[in-house]
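Written below as C-alpha cells is the structure these notes are about.
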Amino acid sequence: MIINHPLLGPRDAQEFTYLGDASLLDRPDWQVPDAAQAFHDYLYLRDNPAGDHRELWFHEQGDRSWLVVTRNTLTHEILNVELARDVAKARRAAQ
Amino acid sequence: MSQSNRLKGGLIQTDKPLNFTFDGKSFQGFQGDTLASALMANGVRLMGRSFKYHRPRGLLTSGSEEPNALMELRSGGRQEPNTRATVAELYDGLSAQSQNRWPSLERDMMAINDRFSTFLTAGFYYKTFMWPKAFWEKLYEPIIRKAAGLGSLTGEDDPDLYDKGFLHCDLLIIGAGPTGLSAALTAGRAGAQVILADEDFELGGRLLADANAFESRSGSDWISEVLGELNALPNVRIMPRTTVFGSYDHGIYGAVERNADHLATPQADKPRQTLWRIYSKRALVATGAIERPIAFENNDRPGIMLAGAVRAFANRWAATPAHSVVVFGNNGDAHATARDLMAKGVNVPAIIDVRSDAPDCAGTEVLAGAQIVETKGRLGVTSITVRLANGQHREIACGSVAMSGGWNPNLGLTCHQRGRPSWKEDIHAFVPSSDLPVGQSVAGAAAGDLSTHQALMGGATKAVEALNALGVTATMPDLPEAEDRPVAITPFWHVKGAKRAWLDYQNDVTVKDVKLAHQENFTSVEHLKRYTTLGMATDQGKTSNLGALAVMAELTGKPIPETGTTIFRPPYTPVAMGALGGRAVGKDFHPTRLTPSHTWSEEQGAVFVEVGNWLRAQWFPKAGETHWRQSVDREVLQTRNSVGICDVTTLGKIDVQGADAAQFLNNIYANAFAKLPVGKVRYGLMLREDGVAYDDGTAARFADDHYVVTTTTANAVLVYRNMEFARQCLWPDLDVQLISTTEAWAQYAVAGPNSRKLLQKIVDPEFDISNEAFPFMGCAEITVCGGLRARLFRISFSGELAYEIAVPTRYGDALMREMMKAGEEFDVVPYGTEALGVMRIEKGHAAGNELNGTTSALNLGMGRMVSKKKDCIGNVLSERDGMNTEDAYRLVGIKPVDSSATVPAGGHLMSATGPVDAAHDQGYVTSTAYSPILESSIGLGFVKNGAERMGEKLRLVNPLEGQNIMVEIVSAHFVDPDGEKLRA
C-alpha cells in the first residue's frame, strides 16, 4: 500500500506502524463521574467496519508523524490522510 | 545418444553446443534450448514420476505451467528441487536429476502405488489414518511425509546472493508476446516510463512458437525490429527472465528477476535472483493464454502433450517428442499444430477431432467425430486406440499425442485482489471481469482475444488508453498484418467411460476422483480442491482447474460459470525463499547494535549476550575462572566492596523539551513530575491505559523546560512511539517536543562505595560532586577529562552509592578506558549484565520479569505512587475492582529455608501443608539469582497479599522438574533495606 503523507507525499506502507481505530483519539475526561465505564468503552470497544475505516498509522521509519488514514478495508483504497495532531486539535477546538 | 529428435530451423544456436547431464547421463543441446527442449531433442520422453501413483511422466507443456517435468538442478548448496525443465535455461555443465523415484526413473519401486490406486482415491489419507489418534503424529505422518513430497534439499547453505530492488514506472507491461510488444512500442514512443517484463529469456511469447502469425514476415523478424527500437529508448526498461508474480494494492507488483539462473554460478558479487517491488501508475496484463488438456484413458503417458507446446518445441526449439505425432483436439488451433509439424517433416498419422464437422487438413487424415479411448506404452506412448464416429475402433501407432481442449486466458494477475472472472461463451473459457485491480488493464489472449491480430491491436489500444488516463498523448503504431482466425471450438472435457483419465497431472487427480468428491458431497470448487488436492502444488492447477470444474459442473447439472473457480492468489509461479529473504540472511537478518565499550570489552575477553539487537557484555571472565558464576560473583563482590563499571548505553533515552514538558511527563507517568526541581532525577512508572505497568525508568530535569527520560532497553522503541502518540494525539495543545537520543549518548553506571572517588578523578574540578553538593537523585550537566561535555546522574540500580555518567557516543570508548585507568587504585571491576541482574535482585528492583504485562503498580508495591490528583495514562482503569482486591499479588523476596537449596525460577508457591494445585496457588517466582553477599540463592516473586506475609514459610514447587523446597517470604530489599549506602 502507499500512504500519501500530508507532509512527505506518497510513502510505502512498510515505513509505517499500524495502531488501529482512530477513535483512540477520543480519550475520555478522567474526571467525569462514570470515568471507569467511559475508559472501558474507549479502550475495549471498537467498530470493525467492512468499508471505510479511520485508523491511526505512525510514520516510524520516517518523520514520526501520527496520521489518521481513512482506508476502505474491503478494497484498501485510501480516501484521506491527515496529520493526527491536526485532527486532535480540531476536535478539541470543536468541544 | 545423438539428438535424434532435433528438427531443422528453430531459434537455437546450433553453433553453440552445450553439454549437460540428466540422471548422470551426458547429453548435448544448444544455446537457446531449455532443459526440456534439449532432453526432447535427445529423444528423452520420461522425465519424472507422478506425485501419488508414481506413474511415468514426461512433458505436458513448454512453459511455466508445466506440472510433470519437475527436476532437481545443480548440487550441494545450489541444489534446487521441483524446477520445471521447461523454464530451466540450458547452460554448459548443467546437471539435472529426476525426483520422486527409487531406485531409478525407469524402475521406481513406489510405482506399486499405482496398483493400489483403487484404494488410494481422493480422501484416502483422511479416511484411513484416523485412529488410534496418537499414531498420527508419531507414525502415520512421518511415513506419509517421507513417501510424499517431490524434490529434496541438501540442507547446505545457499552460497549465492539474492537482492531486492524497487522500480517505478508509468506503465508496467506484463508479458512480451505480441500484445506486450505492441503495447511497449506504443507507450515507449509516447515517452512514458515503461517496464516490459517477461518470464522467458527470449521475448516474443507465442510469436516464437507459431510459424504463421504474420501474413508476410516471420515473427522473429518483427520481434527483433521492435526490440531494437525499444532498446534504443531510454524510457523503456526491458526485463527478460522476470516473472511478475503478484498484483498488490495501489498498483504495486511483485516480480522476481532470475539474473543468473542461466549460468553455472552467478558472477562474483552479483545476485542470482532479484526481488523487485514495482510501483506502477498503470499496468497492462498481457500474459497470454494457457492450453488445456483433454481427459481420456491413460492420457498421462510420456509423449502425450498439449498441442501448442508440441508446436512451440517444433518451431522455436526444433525438437519433436517423436517422429510420429497424432493430434487430438476439439478446436481449429489443434490443426495448426498438425500443419506446423508436417511442415517440419514430422509424420502426423491423423488428426482426431471430436467435432463432427471438423474441416479437412491437407497432408493428413482428419477423423471427425472421433475420440481417443485408450493409449499404450509403459514408459511412453506407443499407440492409441480411437473410437471413430461410426463406433468402430482403430489403433494408431505413434510416439506422441498433441492434444488441445482449447485455451484459457492466463488471468491470475487480474484476480489477485479477489476479482472473479466471467465466462465467455464463444471461446468456452473464463476471461477477466471488469473488477480489475486499480490501474490495471488486460489485453490480448489474456483478455480472451486469441488471434495475433487481436493481440497486436489490443495491446496498442490499451496502452493508449492507459497513457491518456495519465495525461500522456499516445498514438497507435503501424502493426503488421497478422493471423486473425476465429476461435472454432466445441467444448469437450473428457472422454466418457474412461476408467483413469487424468485432469490434474501434478496431483494425480482423475475424472473418477472428481466423481467421488461429488458423490461425497464435496461439490463446491473450494471443497473439491481440498478434498482431491486438485490445483495444488507448484503449478497451482494452471492446466487442470477448468477441466475438473467442467466435470463437476456436468455432475451437478450446473453451468460452468455457476460452478465458479477457486480464488487466484500470488505467487503466479513459485518464488524461491532466497529471493524473498534477499540480503536478510544469517547475521544480516537483523542489525547488530554495538555498545560504545564493545571494542574495549572484546579486548577484555568479555562474553556477550544478545539483548534485542544489542550485543552486551554478559560477564568478563578472568584467567583461571572456569564457571560463569565465578566471574559474576567476583564482579558483584568487587562492585559492592569497592567500585564497578557497567555499560548501560542500551537503555532508551528520550529528550523532552518545551514549556509544557512538565505537564507532559505528568500525563505519561503514573507518578507526579511537575514539582520535580531542576537538577533532580525521579524514578517513573509508566502504565498502559488499561492500568497495567509496562515500563519504568527515570526522568532527569536539567531545566524548567528540559527533561531527559530513560526507558528500559527492550521498550525503548515502544515507549518513544507511545510518547509521540500522547503528544500528537492525546495532548496536541501542549508545547513539547521529543527526540530519541539513545544512540547519541554513551552511558555508564559507576557503582560501589568508591564510585565517587573514582569519578572525582574524571570530572573536571570546577564541578563539586561531594555528597552535600550532589546528593542522591541529583543530576547535572558537567564536563569531564578537561572540557568534554557530560551528564551526571546520581542514581543506583545496584543499591550502592552509584552514578550514571553520559558523554557523546564517540567519546564512549575513551571514557571507559579513562575510568578504568582512574579506577586502578580502587581495584575497579567492569561488570556485565549478569552481575547487574544479581545486584538489582539483591536490591529488590523490578525489571522485565516483574513488569511482565500482567502486573500493576499495586502488585509492584508502588500503588501509592500512582497519583490520583492528575490525569495520566492508565490511572482511571488502574482503579478497577479486580485489580485492587485484598489478596492482590505483592512483590516480595524469597529465600530458601535451607540456604544450600536453589530457588527455581518460574516455580509456584503453595502453602506448607496444603494441596499442590492451581486452586491453591499462592504466587510465583519471577527472578532468581545466587547472592554472593548473602551466600544464598534468592528470588523475587509475587505472592497473594505478600506484604502482610513476611516471615511466612511456603512451599516452592516446580512440578515440571520435580522440585519442591521450603522458602521464606522476606522483604524484596535483601541488601541495604533502608537505603543508607546509596545516600552515603
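Looking at B:Ala699, B:Ala659, which is the one that is among the hydrophobic types (A, V, I, L, M, F, W, C) and either surrounded by 22 or more Cβ atoms within 10 Å (Cβ to Cβ) or not in a loop (DSSP other than H, G, I, E, B) (or both)?
On the way: B:Ala659 fails: either surrounded by 22 or more Cβ atoms within 10 Å (Cβ to Cβ) or not in a loop (DSSP other than H, G, I, E, B) (or both).
Being among the hydrophobic types (A, V, I, L, M, F, W, C) and either surrounded by 22 or more Cβ atoms within 10 Å (Cβ to Cβ) or not in a loop (DSSP other than H, G, I, E, B) (or both) holds for just one of B:Ala699, B:Ala659, which is B:Ala699.
From the list A:Thr75, A:Thr70, pick out the single residue that is more than 10 Å from chain B (Cβ to nearest Cβ), on the phi < 0 side of the Ramachandran plot and touching an Asp or Glu at 6+ places or on another chain (Cβ under 9 Å).
Details: A:Thr75 fails: more than 10 Å from chain B (Cβ to nearest Cβ).
Just one listed residue meets the conditions, A:Thr70.
Could you say whether any residue in the range B:176-196 is under 26 Å from the mean Cα position of the chain (by Cα), surrounded by fewer than 17 Cβ atoms within 10 Å (Cβ to Cβ), at pLDDT 95 or above and under 30 Å from B:Leu227 (Cα atoms)?
No, because not a single residue in the range B:176-196 is under 26 Å from the mean Cα position of the chain (by Cα), surrounded by fewer than 17 Cβ atoms within 10 Å (Cβ to Cβ), at pLDDT 95 or above and under 30 Å from B:Leu227 (Cα atoms).
Taking B:Asp426 as the residue in question, decide whether it is under 30 Å from B:His335 (Cα atoms), part of a loop (DSSP other than H, G, I, E, B), in contact (Cβ under 8 Å) with a residue 60 or more places away in the chain and of a type in the set (Asp, Glu).
On the way: under 30 Å from B:His335 (Cα atoms): yes; part of a loop (DSSP other than H, G, I, E, B): yes; in contact (Cβ under 8 Å) with a residue 60 or more places away in the chain: yes; of a type in the set (Asp, Glu): yes.
Taking the combined requirement at face value, the residue satisfies it.
Just checking, how many residues over the range B:326-358 are touching a residue at least 60 places away in the same chain (Cβ under 8 Å) and in contact with a His (Cβ under 8 Å, 6 or more places away or on another chain)?
Residues that pass the stated criteria total 3.
Can B:Asn852 be described as in contact with a Phe, Trp or Tyr (Cβ under 7 Å, 6 or more places away or on another chain) and either buried (at least 16 other Cβ atoms within 10 Å of the Cβ) or part of a loop (DSSP other than H, G, I, E, B) (or both)?
Numbers: in contact with a Phe, Trp or Tyr (Cβ under 7 Å, 6 or more places away or on another chain): no; either buried (at least 16 other Cβ atoms within 10 Å of the Cβ) or part of a loop (DSSP other than H, G, I, E, B) (or both): yes.
Here the answer is no, as B:Asn852 does not meet what is asked.
In this structure, does B:Ala463 turn out to be in a helix (DSSP H, G or I), of a type in the set (A, V, I, L, M) and touching a Ser or Thr at 6+ places or on another chain (Cβ under 7 Å)? Give the steps one after another, and end with the answer.
On the way: in a helix (DSSP H, G or I): yes; of a type in the set (A, V, I, L, M): yes; touching a Ser or Thr at 6+ places or on another chain (Cβ under 7 Å): yes.
When the stated conditions are applied, B:Ala463 passes them.
If you scan the range A:23-35, which residues turn out to be assigned to a helix (DSSP H, G or I) and over 17 Å from A:Gln95 (Cα atoms)? Please lay out each step first, then the result.
Within the range A:23-35, the subset assigned to a helix (DSSP H, G or I) is A:23-25, A:35.
Across the range A:23-35, the qualifying residue is only A:Ala35.
Can you tell me how many residues within the range B:612-631 are surrounded by 13 or more Cβ atoms within 10 Å (Cβ to Cβ), under 23 Å from B:Gly652 (Cβ atoms) and in contact with a Lys or Arg (Cβ under 9 Å, 6 or more places away or on another chain)? Please lay out each step first, then the result.
Within the range B:612-631, the subset surrounded by 13 or more Cβ atoms within 10 Å (Cβ to Cβ) is B:612, B:614-622, B:625, B:628-631.
The next check asks that each one be under 23 Å from B:Gly652 (Cβ atoms); those that pass are B:612, B:614-618.
Those left that are additionally in contact with a Lys or Arg (Cβ under 9 Å, 6 or more places away or on another chain): B:612, B:614-615.
Total satisfying the criteria: 3.
Restricting to the range B:378-392, name every residue that is out of contact with any Gly (no Cβ under 6 Å at 6 or more places or on another chain) and either surrounded by 19 or more Cβ atoms within 10 Å (Cβ to Cβ) or over 24 Å from B:Leu46 (Cβ atoms) (or both).
Kept after step one, since they are out of contact with any Gly (no Cβ under 6 Å at 6 or more places or on another chain), are these residues of the range B:378-392: B:378-379, B:382-388, B:390-392.
B:Ile384, B:Val386, B:Arg387, B:Leu388, B:Asn390, B:Gly391, B:Gln392 - these are the residues of the range B:378-392 that are out of contact with any Gly (no Cβ under 6 Å at 6 or more places or on another chain) and either surrounded by 19 or more Cβ atoms within 10 Å (Cβ to Cβ) or over 24 Å from B:Leu46 (Cβ atoms) (or both).
If you take the residues in the range B:673-705 that are among the aliphatic types (A, V, I, L, M) and over 19 Å from B:Asp660 (Cβ atoms), which one is farthest from the other protein chains (Cβ to nearest Cβ)? Even if it seems obvious, please write down each step before you answer.
Step one: filter the range B:673-705 for residues among the aliphatic types (A, V, I, L, M), giving B:674, B:676, B:678, B:681, B:685-687, B:692-693, B:699-700, B:703.
Keeping just the survivors that are over 19 Å from B:Asp660 (Cβ atoms) gives B:681, B:685, B:687, B:692-693.
Numbers: B:Val681: 26, B:Leu685: 17, B:Leu687: 12, B:Val692: 11, B:Ala693: 16 Å.
Among those that are among the aliphatic types (A, V, I, L, M) and over 19 Å from B:Asp660 (Cβ atoms), it is B:Val681.
Could you check B:Gln273 against (1) touching a strand residue (DSSP E or B) at 6+ places or on another chain (Cβ under 6 Å); (2) under 23 Å from B:Thr364 (Cβ atoms) and say which number it fails?
Answer for B:Gln273: the failing condition is (2).
Take the residues of the range B:81-117 that are acidic (Asp, Glu) and crowded, with 16+ Cβ neighbours inside 10 Å: which is farthest from B:Lys25 (Cα to Cα)? Give the derivation first.
The first filter runs over the range B:81-117 and keeps only residues acidic (Asp, Glu), leaving B:89, B:92, B:106, B:108, B:114.
Pick out the ones that are also crowded, with 16+ Cβ neighbours inside 10 Å and you get B:89, B:108, B:114.
Working: B:Glu89: 18, B:Asp108: 18, B:Asp114: 27 Å.
Here the answer is B:Asp114.
Confirm whether A:Asp21 is within 11 Å of chain B (Cβ to nearest Cβ) and of a type outside the set (Ser, Thr, Tyr). Walk me through how you get there before you give the answer.
Details: within 11 Å of chain B (Cβ to nearest Cβ): no; of a type outside the set (Ser, Thr, Tyr): yes.
When the stated conditions are applied, A:Asp21 does not pass them.
Could you identify the single residue in A:Arg46, A:Arg85, A:Arg91 that is under 14 Å from the mean Cα position of the chain (by Cα), at the interface with another protein chain (Cβ under 8 Å from one of its Cβ atoms) and under 22 Å from B:Ile873 (Cα atoms)?
Numbers: A:Arg46 fails: at the interface with another protein chain (Cβ under 8 Å from one of its Cβ atoms); A:Arg91 fails: at the interface with another protein chain (Cβ under 8 Å from one of its Cβ atoms).
Of A:Arg46, A:Arg85, A:Arg91, the one residue that is under 14 Å from the mean Cα position of the chain (by Cα), at the interface with another protein chain (Cβ under 8 Å from one of its Cβ atoms) and under 22 Å from B:Ile873 (Cα atoms) is A:Arg85.
For residues that are surrounded by fewer than 24 Cβ atoms within 10 Å (Cβ to Cβ) and outside any strand (DSSP E or B), tally how many sit in the range B:66-80.
The total comes to 6.
Between B:Thr565, B:Thr639, B:Thr573, which is touching a residue at least 60 places away in the same chain (Cβ under 8 Å) and assigned to a helix (DSSP H, G or I)? So that I can check it myself, show each step before the final result.
Working: B:Thr565 fails: assigned to a helix (DSSP H, G or I); B:Thr573 fails: assigned to a helix (DSSP H, G or I).
The conditions single out B:Thr639.
Filter the range B:491-535 down to residues that are under 25 Å from B:Lys424 (Cβ atoms) and assigned to a helix (DSSP H, G or I), then give me how many there are.
Here the count works out to 6.
Taking into account only those residues within the range B:725-754 that are away from every other protein chain (no Cβ under 14 Å) and touching a Phe, Trp or Tyr at 6+ places or on another chain (Cβ under 6 Å), which is surrounded by the fewest Cβ atoms within 10 Å (Cβ to Cβ)?
It comes out as B:Asn754.
So, of the residues in the range B:852-872 that are among the polar types (S, T, N, Q) and more than 14 Å from chain A (Cβ to nearest Cβ), which turns out to be farthest from B:Tyr683 (Cα to Cα)?
Of all residues in the range B:852-872, those among the polar types (S, T, N, Q) come to B:852, B:854-856, B:859, B:867.
Next, from what is left, pick out any that are more than 14 Å from chain A (Cβ to nearest Cβ): B:852, B:854-856, B:859.
Values: B:Asn852: 18, B:Thr854: 20, B:Thr855: 18, B:Ser856: 16, B:Asn859: 17 Å.
Checked the range B:852-872; the qualifying residue farthest from B:Tyr683 (Cα to Cα) is B:Thr854.
Taking B:Val943, is it surrounded by 16 or more Cβ atoms within 10 Å (Cβ to Cβ), within 30 Å of A:Ala36 (Cα to Cα) and within 14 Å of chain A (Cβ to nearest Cβ)?
On the way: surrounded by 16 or more Cβ atoms within 10 Å (Cβ to Cβ): yes; within 30 Å of A:Ala36 (Cα to Cα): yes; within 14 Å of chain A (Cβ to nearest Cβ): no.
For B:Val943, the condition - surrounded by 16 or more Cβ atoms within 10 Å (Cβ to Cβ), within 30 Å of A:Ala36 (Cα to Cα) and within 14 Å of chain A (Cβ to nearest Cβ) - is not met.
Looking at the range A:57-64, is at least one residue outside any loop (DSSP other than H, G, I, E, B), within 9 Å of the chain's Cα centre (by Cα), buried (at least 18 other Cβ atoms within 10 Å of the Cβ) and more than 10 Å from chain B (Cβ to nearest Cβ)?
yes
Looking at B:Tyr248, B:Tyr253, B:Tyr279, which one is within 14 Å of chain A (Cβ to nearest Cβ) and crowded, with 20+ Cβ neighbours inside 10 Å? Don't jump to the end; show me each part of the working.
Details: B:Tyr248 fails: crowded, with 20+ Cβ neighbours inside 10 Å; B:Tyr279 fails: crowded, with 20+ Cβ neighbours inside 10 Å.
The conditions single out B:Tyr253.
For residues that are in contact (Cβ under 8 Å) with a residue 40 or more places away in the chain and part of a loop (DSSP other than H, G, I, E, B), tally how many sit in the range B:235-274.
15
Conditions: (1) modelled with pLDDT under 95; (2) within 14 Å of another protein chain (Cβ to nearest Cβ). B:Ser218 meets all but one. Number of the miss?
(2)
Restricting attention to the range B:84-111, which residues are in contact (Cβ under 8 Å) with a residue 24 or more places away in the chain and not in a loop (DSSP other than H, G, I, E, B)?
If the condition is that a residue be in contact (Cβ under 8 Å) with a residue 24 or more places away in the chain and not in a loop (DSSP other than H, G, I, E, B), then B:Arg84, B:Glu89, B:Leu94, B:Ser95, B:Ala96, B:Gln97, B:Asp108, B:Met110, B:Ala111 are the ones that fit.
How many residues are acidic (Asp, Glu) and either free of Cβ contacts under 8 Å to residues at least 24 places away in the same chain or within 14 Å of another protein chain (Cβ to nearest Cβ) (or both) if we restrict to the range B:873-903? I'd like the intermediate steps shown before the answer.
So the first thing to find is which residues in the range B:873-903 are acidic (Asp, Glu), and the list is B:879, B:881, B:886-887, B:898.
So of that shortlist, the ones also either free of Cβ contacts under 8 Å to residues at least 24 places away in the same chain or within 14 Å of another protein chain (Cβ to nearest Cβ) (or both) come out as B:879, B:881.
Matching residues across the range B:873-903 total 2.
Would a scan of the range B:186-204 turn up a residue that is of a type in the set (Phe, Trp, Tyr) and either assigned to a strand (DSSP E or B) or within 14 Å of another protein chain (Cβ to nearest Cβ) (or both)? Talk me through it step by step, then tell me what you get.
Taking the range B:186-204 and keeping what is of a type in the set (Phe, Trp, Tyr), we get B:201.
With either assigned to a strand (DSSP E or B) or within 14 Å of another protein chain (Cβ to nearest Cβ) (or both) added as a condition, the list becomes none.
No: zero hits.
Which of the residues belonging to the range B:779-805 are aromatic (Phe, Trp, Tyr) and assigned to a strand (DSSP E or B)? Before you say what the answer is, go through the steps one by one.
Step one: filter the range B:779-805 for residues aromatic (Phe, Trp, Tyr), giving B:793, B:797, B:803.
Of everything in the range B:779-805, those that are aromatic (Phe, Trp, Tyr) and assigned to a strand (DSSP E or B) turn out to be B:Phe793, B:Tyr803.
The values are calculated or read from the model by the stated rules, or taken from the named source; none is laboratory data. Owing to the predicted nature of the structure, the values given are computational and were not obtained by experimental measurement. Every residue, glycine among them, receives a Cβ derived from its backbone with ideal geometry; neighbour counts consider all protein chains shown.
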